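The values are calculated or read from the model by the stated rules, or taken from the named source; none is laboratory data. These numbers were taken from a predicted model, which means no experiment stands behind them. Every residue, glycine as well, gets a Cβ built from its backbone with ideal geometry; the counts of neighbours run over all protein chains shown.
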Amino acid sequence: MSQQTCIRQGLKPVIRVFVVDHYPLIIEGVRSLLKHEKDIDVVGSATNAESCLQTLMCKKADVRFFGRNNRNRAWINACP
């Protein structure tokens, strides 16, 4: 359902979030915090640049959450 359709039907659009961090525990923590939010859906996660790029080629995300300590920040700009 598109955001426009949701608005016309009076439904609140869902925010799609993609989480990237090299620590799986951080990813699970973010997922755990967001799972109770009705208007947020974690659509995927990645622990490295390659899996991030591959996954985001197939999935749409409104928000990309990158961990603060990602060492190589150059690839962050390459993520679609």
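Scan region 33-55 for residues that are exposed (fewer than 14 other Cβ atoms within 10 Å of the Cβ) and either aromatic (Phe, Trp, Tyr) or within 22 Å of residue 12 (Cβ to Cβ) (or both) and the total you get is 6.
Could you grab me the full set of residues in region 20-43 that are at pLDDT below 90 and assigned to a strand (DSSP E or B)? Answer for region 20-43, where residues must be at pLDDT below 90 and assigned to a strand (DSSP E or B): just 20.
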